[in-house]
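What follows draws every value from the coordinates through simple rules; no lab data is involved. Being a predicted model, the structure only gives us computed values, none of them experimental. No Cβ is skipped: glycine too gets one built from the backbone with ideal geometry, and neighbour counts run over all protein chains shown.
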There are 2 protein chains.
Amino acid sequence: MILDDLTAALGADCVTTGADMAPWCRDWTGQHAWTPLCVIRPRDTAGVSDALRLCNAARVPVVPVSGNTGLAGGTLGEGAVMLSLDRMNRIREIRSDARLAVVEAGVILSTLHTAAEQHGLAFPMTFGARGSCMIGGMLATNAGGSNVLRYGNTRDLVLGIEAVLADGRVVNLMSALHKDNSGLNLKHLLIGSEGILGVITAAVLKLVPRPRAFATAMVAAPGLPQALRLLNRLQEATGGAVEAFEYMDRVFMDRYAEMHPEAQEPFDTRFDVNLLVEVGATAPRDVESDADGVIPVAAYLEGVLADLLEEGAVLDATVAQSEAQRRAFWARREAAAEITMSRKPIVLCDIAVATDRVAVFLEAMQGRLAGLDAGAVAINVSHLGDGNVHYSAWPSRDDAGLKDAITEAVEDEVLRLGGSFSAEHGVGVAKLNSMRRRKDPVALAAMRAIKAALDPNGILNPGKVLPG
Amino acid sequence: MILDDLTAALGADCVTTGADMAPWCRDWTGQHAWTPLCVIRPRDTAGVSDALRLCNAARVPVVPVSGNTGLAGGTLGEGAVMLSLDRMNRIREIRSDARLAVVEAGVILSTLHTAAEQHGLAFPMTFGARGSCMIGGMLATNAGGSNVLRYGNTRDLVLGIEAVLADGRVVNLMSALHKDNSGLNLKHLLIGSEGILGVITAAVLKLVPRPRAFATAMVAAPGLPQALRLLNRLQEATGGAVEAFEYMDRVFMDRYAEMHPEAQEPFDTRFDVNLLVEVGATAPRDVESDADGVIPVAAYLEGVLADLLEEGAVLDATVAQSEAQRRAFWARREAAAEITMSRKPIVLCDIAVATDRVAVFLEAMQGRLAGLDAGAVAINVSHLGDGNVHYSAWPSRDDAGLKDAITEAVEDEVLRLGGSFSAEHGVGVAKLNSMRRRKDPVALAAMRAIKAALDPNGILNPGKVLPG
């Protein structure tokens, strides 16, 4: 019945059933599989609107999906209509003078990167999945990534959005303005709402001047406090131009070398604290090379590294001498999801604490993990510059109770340190327990009231974000 | 009855009635006056919670107020309980390493400025009312100001908030984190909601490195396009370090000189396009003076000005030679509200368009204003760097129909150019008509649904923001 209605409204080529639904029947982590009622792939906002109107009238659950690269199970759709935005993949406009791009939800992130570059600009949000994730999911989860330190989270890069509400009404908030206070901020409410309040179909995104030069290094430090000293010294020397400050532990380095034996190692030996540091420069004074061909921004980085080597706060450092070497440094960092999930069973955590508390957190977890499971191994990759730690553990046995106990231990320590149990991957289904146990109960009640007000039939991405 | 209950709950010294209510019986613009039922001044969040619980049970309207410096009539409280946050004025904590301040809603903005400075840091939000406006109102209206170009609007400077909902429940979102995705973003929903969803009682605010040096100039340009060329050239030369780029027209300059005859004029003659330009520098390379005592950041500014003088894109320029001269430049700009409101009747507009469309807007308005009222005079002060224009008109007669027609003409032109009828002052009661006529109707319906969900009895700041 709803299938017929959707087919009549959208056309048969926009409605998929049976085996062709395969790409929408599992998530990227391989932890979840499901069977949707159907997958619909509208070509435009009107199609999304029609589909939601019909599903709402029929009380049929709808799960929005774009790149399907999420790590929190936000696209599980057993028996649901999966609403894929992948055909809405136009970059409608790039206005380089106003430094903005108008894009549809199905645009792949790396496609936008390339388009912005052609205008001499950059869209600075980036992370490992950029080649397949799409703008819609990035906005729905308020994705973070490696450049948050300098440019903020996804929401900080959004000027306006267009979204379709549960009943099919289209809300037009496509502002291109930097100041716009006209009532409640629905834009920020919809961004990061993981599809439970509406389906984001298009957005106006900020672009930034493309750095003319980068200085990139792999650095080994004796500990995390010394790493922070490096960050602060670099921020001071460059006036806040550090674009990325990423931490990888020894387990990560070992595992990466094992899985990528072809990759050149950054150091002659292995260290505990490995950092990927990148400084970007836009001003002419920082990029015009001197008589010796040295670019100022590289000189700042090398100067700070030399000082800290002397102080013993840096153990070794390799500054990228070519774009290929820079990309190799990044390839290692961006393999984080692949490397982390290369072993099962796994407990994946995505937490945040203040930058000066990351070391305390990791130290506390060492003892707690060993106490729970002497055979467990922890692996850590962190956006150290913003305090976001991807703490994962490989327990020695596949035991739901043990995995839950590890998660609980992580959250105990995180909340003790004033942190968040959910930093950049979102809640989806993966963190429903955490929401139930840890989120401020008044905040949770307010979220439920808003959900009921905007989606009274509860058709949008049911069972996600808000614990039942 | 409610008076007795409030007195019993808060203590008699926290409940004011009669003549002592005078400061809370009018707004700063002098356009509105009213008589509240009483003014309550709780000392802490628990007091705010008690008061709201009682008022909600008794269905008594509550109007939150802090510094009462708003320009949109957001604190009108005829017959209401006015809830003043002014006694909640503690800076609870400044953590300079984490670059944050934990403050209560009643802290005066300039008090926070001073406190941050004592830690070598800055809270970069600033505007004319900083000596009396308070953090609570600043958050409730998502205030803008002169440094948005570099640091964003108020919401961009907020890590966490604490708020009390209509029924007295306290919602704790006091995150100190840069990444925190745990459900719907209530923080951004409450910021800018002008007190209709909850009362913000405390906040965690971001601090930034205090610029070690400023280069500040008054510049005269032949037109707005040339002014934009100056902005873009300066941004490029400094790697985006322009902190303020403010426009004042000739009428404003004339009126300021009239009202402040003691003030030194920046130029020997009067110009049409007058700019206050400020560049801030934090990196040592930009502030360490050379052998001649020239600071690099000043050299960049002077270099760009010299180039543009030669190109004819700058007519005259005075670079501040002392902190006193810099402050005098700012005093003129920050007298905007005083100067603009020095004549009545007045139509005050606070609109935004893309920066490259400000000139088009002003030109179009010249014709339309003259067509409506040949005797009307327009006066303009703009945050030109972010496209926010404070367009005001002094009509030749006090005629409500004429004033509405002028507002309508402004909004027609603004929307034709893709702008917003409400940039940084909020809606309050001043822009209810604009919301009714111009806001996306689906967005308006969604706002009403959220309001009903979180404040079902409609006690919080009734009659504001959402047209009836």
* Roughly what % of Cα-Cα distances in the stretch A:1-160 sit above 21 Å, to the whole percent? -> 48
* Asked: Is there a simple number for the mean count of other chain Cβ atoms within 10 Å of the Cβ of residues in B:411-420, and what is it?
  -> 2
* To do: Of the listed pairs B:Lys344/B:Lys464; B:Lys206/B:Lys464; A:Lys179/B:Lys187; A:Lys179/A:Lys451; B:Lys431/B:Lys451, which have alpha-carbon separations greater than 21 Å here?
  => B:Lys344/B:Lys464; B:Lys206/B:Lys464; A:Lys179/A:Lys451
* **the stretch B:213-336: radius of gyration and largest Cα-Cα distance (Dmax), Å** => 14.2, 43
* With each pseudo-label sitting 7 Å past Cα toward Cβ, what's the A:Asp398-B:Ala213 distance in nm, one decimal? -> 6.4
* Amide H contacts of A:Ala80 (H built 1.01 Å from N, under 5 Å, at least 5 apart or other chain) -> A:Leu37
* Across the residues of A:213-222, average count of Cβ atoms on other protein chains within 10 Å? -> 0
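Over its Cα atoms, what ratio of radius of gyration to 2.2 N^0.38 Å does the stretch A:91-209 give?
It is 0.98.
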* Asked: Out of every Cα-Cα pair in the stretch B:140-243, what percent are more than 17 Å apart?
  -> 64
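Got a sec? How would B:Val107, B:Val273 order by Cβ neighbour count within 10 Å, fewest to most?
Ordered from fewest to most neighbouring Cβ atoms within 10 Å, B:Val107, B:Val273 come out as B:Val273, B:Val107.
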* To do: Can you spot the aspartates and glutamates whose alpha carbon is less than 18 Å from B:Lys403's alpha carbon? Ignore those fewer than 8 places along the same chain.
  => B:Asp350, B:Asp373, B:Glu411, B:Asp412, B:Glu413
* Asked: For the protein assembly as shown, what proportion of DSSP beta bridges, expressed in % and rounded to the nearest 5, is antiparallel?
  -> 90
* To do: Can you tell me which of A:357-364, A:20-27, A:58-65 comes out highest on packing, and rank the rest after it, using the mean Cβ neighbours within 10 Å?
  => A:58-65, A:357-364, A:20-27
* Structure fact -> Between the modelled labels at B:Thr17 and A:Glu310 (7 Å from Cα along Cα→Cβ) the distance in nm is 7.4
* Computed over the stretch A:213-333: relative contact order in percent, which uses C-alpha pairs under 8 Å that are six or more apart -> 44
* To do: Work out Dmax and Rg for the stretch A:2-84 from the C-alpha atoms and quote the Rg first, both in angstrom.
  => 12.1, 35
* Short version: ³J(HN,Hα) in whole Hz for each residue of the stretch B:440-447, in order, from phi by Karplus 6.51 cos²θ - 1.76 cosθ + 1.60 (θ = phi - 60°), x for Gly and Pro, what are they? -> 3, x, 5, 4, 4, 5, 5, 4
* To do: At a temperature of 25 °C and a viscosity of 0.890 mPa s, determine how fast the stretch A:343-431 diffuses translationally according to Stokes-Einstein, using the Kirkwood radius over alpha-carbon pairs as Rh; express D in µm²/s, rounded to the nearest whole number.
  => 190
* If one puts a single equal scatterer on every Cα of the stretch B:330-373 and applies the Debye formula without solvent, what log₁₀ I(q)/I(0) results at q = 0.19, 0.27, 0.28 Å⁻¹? -> -0.85, -1.05, -1.04
* Structure fact -> Checking rank on B:237-249, B:436-448, A:207-219, with mean other Cβ inside 10 Å and highest first, the result is B:237-249, A:207-219, B:436-448
* Average beta carbon contacts from partner chains per residue of A:191-198, 10 Å cutoff -> 3
* To do: For a label point 7 Å from the Cα of A:Val377 along Cα→C-beta, name the residues of the stretch A:250-268 whose backbone N is under 13 Å from it.
  => A:250-259
* To do: Using a 10 Å cut-off on Cβ atoms, rank the peptides A:128-137, A:372-381 from the highest mean neighbour count down.
  => A:128-137, A:372-381
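Is the stretch A:48-100 rounded, prolate or oblate when judged by the Cα gyration tensor, a ≥ b ≥ c being the square roots of its eigenvalues, rounded requiring a/c under 1.5 and prolate requiring a/b larger than b/c?
The shape class here is oblate.
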* So what J values fall out for the stretch A:121-127 if you push phi through Karplus, 6.51 cos²θ - 1.76 cosθ + 1.60 with θ = phi - 60°, rounded to Hz, Gly and Pro as x? -> 10, 9, 9, x, 6, 8, 6
* Starting from the Cα of B:Val360, step 7 Å along the direction of its Cβ; do the same at A:Arg437; then give the gap between the two resulting points in nm. => 5.6
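Between B:Thr269 and B:Glu117, what FRET efficiency follows from the Cβ-Cβ distance if R0 is 41 Å, with the result rounded to 0.05?
Between B:Thr269 and B:Glu117 the formula returns 0.65.
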* Where only alpha carbons of chain B are counted, the Rg and the Dmax (Å) -> 22.9, 74
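Can you give the convex hull volume per residue for the Cα atoms of the protein assembly as shown, as a whole number of Å³? Present the calculation step by step, with values, prior to reporting the outcome.
On the way: hull volume 165.2 nm³, N = 936.
So the per-residue Cα hull volume is 176 Å³.
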